[in-house]
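S.K.: My questions all concern the structure below.
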Amino acid sequence: MLSRRRFLAAIPAAGLAAGCAGTRPLRVAVVWSGDELRRFLTVARDYPHRTVTVYSAGDNIAALLRGPSTEVAPDVAVIPRLGMLYEPGIRAGIRPLEDPPPQPEFWRRLVSPVPGRVLGAWFKIAHKSLVWHRDDHGLPLPETLDAWTRPRGTLSIGAADGWMLSDWFENVLLARSPGTYPELGSQAELWGSAEVTEALELLAAVWQAGMTAEQGRRALTLQFHDSILDVFTYRTADLVAAPDFAWPVIARYGAAGVTAAHFRFPAASAAAGPPLVVGGDVALALNAGDPDAAAFVTWLTGPERPAALEAWAGEGGFLAPHIPPEVSPPGLRGPAGELVQARNARYDLSDRLTGPLAGGDGRGLWLILTDLFTAATVTRERPAAAAAAAAARLVATARKGAA
Amino acid sequence: MSEDAFLYEVAPHHDTRGPAAQHGIGRWRAARYLLLAVLLAAGVLLAPLAATVLISLSDGLGHYRVLTDPDVLRALGNSLVWLGLAVLVCAAGFGLAWLARDVGPRLGGVLRVVLVLPAVVSPLTTGAIFRLLFDTNPQRGAVNAVLAAFGADVAFLGLGWIWLVLGLAFLWQWSGVAFLVFHEALARMPASLLRMAQAFGLERRRQIWSIVLPSLAGAASLAYLLAVVAAARVFDLVLMGAPGSMQPWVEPGGQFWWRHHSDLGTGPAAALAVLLSVLVGLLALPALAGLRRQVTWPEQRAAPHGRRSRRRLLMGPLAALWLLPFVVLVLTSLRAPEAAAVSGWWHIQADLRSYGDALADSGFTGALLTTLVRTVVVVALVLLAAVPAAYVLAQEHLVPRRAWRPVLLVAVALAALPPQAFAVPLQESLSRLVGSTLALVTVHAALVIPLAVLVLHRGFARVRAPVMARHRWALVHAMREGSPSVVLAGVLAFVLVWNDTLVGLLLNWPAGDHLPLILLEQNRHFMSTAGTLAAQSVIATAVPVALVIVTRRLLYRGLTGGVRA
């Protein structure tokens, strides 16, 4: 028995180049893969006090936080959806930060579901209200959302990733109905309100004006990165609404000689201000984990600023409240400043939702918006009809959760 | 008359030699031998299954109103399409076997390996390969690049067409298994009967109806059963092969259940899980009925024909076509990561940076090792439980022939049972253990044991009784003589655990240390990680492929005879 236990205990350590003899490495669960994961690994490697092992838990991260066996429980988790902090089963497992790093008030409030208890600290924040284009495309840019319902160049939309569609929806809704946006959640009634239906209709109209049926059909097979490539590598489209972290994708895969430019997601009218939807990843220390976890969170998110993190920010695609905007490449300093100074910004709606409306491939808000997208672009339904159908499904789905 | 049935025959043996240790072991010892397998099967599969059934009935039949939900119906409709594809797999396997029936031993041997190899590839990898082949962008997708030359442009991964892509992937993956079954059956066709029929001038149609078809019934049932089980387990192929937006259009009931079971509520989710199991059971019934009929191949493999068919000319290129997906994967992995993201695999490069990236990812290398160790532990546990159990079940004085039939039914049913049917109660009972190595190893072992028992039983049942053996050593003797079956069971267990995505996801296994889940993570940005994903898939695929190639002779013996030559 003993030998087997010892053997099993050896397994996780075997592949991970376990460092300092005696103490086990600090386990950090993240959701990224690919480039972002590689970048994060270089950051974690620099942690001076302990060896850190990082693993991607992907979409399973919520389950990981709901309480698995201690053998695999992470000490620190970096979560992509703020909604998780509001889930009682997860919140109970989080150790509040006793000495949280200084972060702007707006951001601090978001991670304090119970006043006075800071549950986590922002590791990475994102500006989700940008529209990107080639600097030289020479088309008139849409000044307002209504102007965008008339053709303003071909849109590129990564409709295979539901979060790209929900970012669109959030921007349109926030631009048109800044009062309704923060109230929306799991209550069914609000989803049936006229504001939501009108936003869906406007959204469908913009999508319909921006692409042909064939382009819509193709868009359903494109992910976020593919949609960026269509504008900056293959030049088959003109505009792509995407967060600030489109920057490194353009830098890495864009065709030679292409310069990227962006503008703020258009306002509802000339009088109103443009919407600002924000998102981000929160670093948490977990109760079940090592007591040193909080120190790691503070190191990661505090003013100490690991050098690798600053290098990452310098290359673009990484914004954080504790990193001054000047560190970012010139093109991203504006959005970075807007985030740090944010007061009336709104946090990504789909990352706040819980229950049946919560996101994920093929479910919830994502699924309903995918079908709206299909109706607007591929089958060319009237925007009003498509929006009414989508609103009815939103209400029905929200009710499922209430029942 | 030597019986040499394929994989496992259900028909009783008329073998005068009798199985090993006929005078056999006592009941107490037999019970001890069965203990581990029964405990694992009962604790991990049967008890949670019973709990699922009870939960689904907790409101009378009320929870079964889940069938009125249009989304559920769509998913069940997709399940039926996938099960229809299972029939297509059998047809394709038979067609291939018919074409290859007299290509000679060498090409036949090559085909057996080449066509069966896809079956040991993770469906995640299969999905990735076909997604690369059919990418919508003609700069990256080979099929669209060819079509572009004719001015056509099809969004293959999109609405409607996605079925074609995934259907082809499914056919590629499983047709080889059906091929193997039919190829063997055709080679054992009762040639003397056919010659006699010809001599008596029986018309060709009568020959087919009265000789060919009956002698193929057993093989067809087996091929169908394997394909139905594969179709019922479709999961990771969709997760990797279809863009997120398209998954609801193609995902079968089991995958829908995985995504929505917490939204459906405990009762309706349990009802849906029961329905899915019943659906698989109903569709597997014809196969069981077919297998129950006496299937004997009274002749040894027919000696190879003197003349070689011109079909050789066809089968050679076909084997090459079957290897194409492997070629696509390897060529993609040999491209620079940036190049692989923006252009197709036919721009050949020899750049090892994708491998460099793959191996620099400590999560991947760690998972590679952890998964390997864990898989080996599961294989050991499976054999530890299944070998003694199968040995006891092969004892005729303990399990008489008529009693074997229900045992077989239970074993087949458990081997085919969708894990959704017992996942929730199991997860609840394991809640403190979820994520622990012990839990995953136990669950995996329990899932594979029924299949292993089936394979091993067949081998042990035909081990010849040693003249002088003392029963203490009979088990060792049976293992040695039946070593091909033991190897077959071990390799099957290895491949199933190595490639598993479903159980890991259902048990909320953290992605951190299980190889397929690491690969799955890459589909968040499928095209831009194509190079790294391909390199990681090549490494992940090389292990089971190497295992199969190294053990291929024993595996073949295990599949056809079960005992040493």
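Derivation of every value follows stated rules applied to the coordinates shown; laboratory data play no part. Quick caveat: nothing in here was measured; it's all calculated off a predicted structure. Glycine also receives a Cβ, built like all others from the backbone with ideal geometry; neighbour counts cover every protein chain displayed.
S.K.: P(r) for the stretch A:254-395: what percent of alpha-carbon pairs falls in each 5 Å bin, starting at zero?
M.R.: 2, 8, 11, 12, 15, 16, 15, 11, 7, 4, 1, 0
S.K.: So, one more: Could you give me the ³J(HN,Hα) list for the stretch B:34-47, computed from phi with Karplus coefficients 6.51, -1.76, 1.60 and θ = phi - 60°, whole Hz, x at Gly and Pro?
M.R.: 7, 3, 4, 5, 5, 4, 5, 5, 6, x, 8, 9, 6, 4
S.K.: Stokes-Einstein at 37 °C, 0.692 mPa s, Kirkwood radius from Cα pairs: D for the stretch B:19-83 in µm² s⁻¹?
M.R.: In µm²/s, the coefficient rounds to 206.
S.K.: Report D for the protein assembly as shown in µm² per second (integer): Stokes-Einstein, Kirkwood Rh on Cα pairs, 25 °C, 0.890 mPa s. Each step should come with its number before you reach the end.
M.R.: Details: Rh = 29.9 Å.
Reported coefficient: 82 µm²/s.
S.K.: Out of B:Ala542, B:Trp257, B:Leu115, whose Cα points farthest toward the positive end of the dipole of chain B (charges: +1 Lys, Arg; -1 Asp, Glu; placed on Cβ)?
M.R.: It is B:Leu115.
S.K.: Among B:Trp163, B:Ala269, B:Trp209, whose Cα projects farthest towards the positive end of the dipole of the stretch B:58-316, with charges put on the beta-carbon of Lys, Arg (+1) and Asp, Glu (-1)?
M.R.: Positive-end residue among those listed: B:Trp209.
S.K.: For the stretch A:363-403, what class follows from the C-alpha gyration tensor (a ≥ b ≥ c being the square roots of its eigenvalues): rounded when a/c is under 1.5, otherwise prolate if a/b is larger than b/c, else oblate?
M.R.: Note, shape of the stretch A:363-403 comes out oblate.
S.K.: Taking neighbour counts of Cβ atoms within 10 Å as a proxy for exposure, in what order, fewest first, do B:Thr126, A:Thr212 appear?
M.R.: Taking fewest neighbouring Cβ atoms as first place, the list is A:Thr212, B:Thr126.
S.K.: Based on the inverse mean of 1/r over its pairs of different Cα atoms, what is the Kirkwood hydrodynamic radius of the stretch A:71-179, in Å?
M.R.: About 17.6 Å, per the Kirkwood formula over Cα pairs.
S.K.: Could you give the angle, 0 to 90 degrees to the nearest 10, between helix A:194-210's Cα long axis and the longest principal axis of the Cα atoms of chain A?
M.R.: Helix A:194-210 and the main axis of chain A meet at about 80 degrees.
S.K.: Mind checking Rg over Rh on chain B, alpha carbons, Kirkwood formula for Rh?
M.R.: 0.97
S.K.: Also: Eigenvalues of the Cα gyration tensor times 5, then square-rooted: what semi-axes does that give for the stretch B:370-435, in whole angstrom, largest first?
M.R.: Largest first, the stretch B:370-435 gives 29, 18, 10 Å.
S.K.: Taking the number of other C-beta atoms within 10 Å as the exposure measure, put A:Trp107, B:Trp163 in order starting with the fewest.
M.R.: Numbers: A:Trp107 23, B:Trp163 17.
Exposure proxy ranking, most exposed first: B:Trp163, A:Trp107.
S.K.: Extending each Cα 7 Å along its Cβ direction at B:Ile348 and A:Arg117, get the distance between those two points in nm, one decimal.
M.R.: 6.3
S.K.: Which FRET efficiency, nearest 0.05, do A:Thr259 and A:Glu105 yield, Cβ-Cβ r, R0 35 Å?
M.R.: Result of the calculation: an efficiency of 0.45.
S.K.: Do me a favour and compute the ellipsoid semi-axes for the stretch B:228-297 from its Cα gyration tensor, root of five times each eigenvalue, largest one first, whole Å.
M.R.: 30, 18, 7
S.K.: Further, regarding this structure: How big is the stretch A:306-386 along each principal axis, measuring the range of its Cα positions in Å and listing the largest first?
M.R.: Cα extents, longest axis first: 50, 29, 26 Å.
S.K.: Would you please state the base-10 log of I(q)/I(0) at q = 0.10, 0.17 1/Å for the stretch A:134-277, with intensities from the Debye formula using one equal scatterer on every alpha carbon?
M.R.: -0.34, -0.97
S.K.: To continue, here is another question. Using Cβ counts within 10 Å as a stand-in for footprinting exposure, how do B:Trp346, A:Trp312 rank, fewest first? The partial results should precede the final answer.
M.R.: On the way: B:Trp346 10, A:Trp312 22.
Ranked by crowding around the Cβ, least crowded first: B:Trp346, A:Trp312.
S.K.: How tilted is helix A:2-14 with respect to the longest principal axis of chain A? Cα atoms for both, answer in degrees (0 to 90, nearest 10).
M.R.: Rounded to the nearest ten degrees, it is 50.
S.K.: Follow-up question, since we're still on this one. Which value, in nm² and rounded to one decimal, describes the direction-averaged projected area of the C-alpha convex hull of the stretch B:39-183?
M.R.: Result: 13.6 nm².
S.K.: Just to be sure I follow: if Rg is taken over the C-alpha atoms of the stretch B:157-206 and Rh is the Kirkwood radius over the same atoms, what is Rg/Rh?
M.R.: Here the Rg-to-Rh quotient is 1.35.
S.K.: A further question follows. What is the pair-distance distribution P(r) of chain A, computed from all Cα-Cα distances in 10 Å bins starting at 0, with each bin given as a whole percent?
M.R.: Going out from 0 Å in 10 Å bins, chain A shows 5, 22, 31, 25, 13, 4, 1, 0 percent.
S.K.: When a/c is below 1.5 the answer is rounded, else prolate if a/b is larger than b/c, else oblate, so apply that to the stretch B:58-316 with a ≥ b ≥ c taken from the square roots of the Cα gyration tensor eigenvalues.
M.R.: oblate
S.K.: What do you get when you divide the Cα radius of gyration of the stretch A:225-280 by 2.2 N^0.38 Å, with N the number of residues?
M.R.: 1.29
S.K.: Please compute one quarter of the surface area of the Cα convex hull for the stretch B:137-260 and express it in square nanometres.
M.R.: Averaged projected hull area, Cα only: 11.3 nm².
S.K.: Can you tell me what share of the DSSP beta bridges in the protein assembly as shown is antiparallel? A percent to the nearest 5 is fine.
M.R.: 65
S.K.: Amide H to amide H, which residues 5 or more places from A:Ala241 or on other chains are under 5 Å from it, using H placed in the peptide plane?
M.R.: A:Trp132, A:Ser156
S.K.: Now for a different question. Suppose only helical runs count, i.e. DSSP H with n ≥ 4. What mean residue ellipticity at 222 nm does that imply for chain A under -39500 (n - 2.57) per run, divided by all residues and rounded to the nearest 500 deg cm²/dmol?
M.R.: It comes out at -11500 deg cm²/dmol, rounded to the nearest 500.
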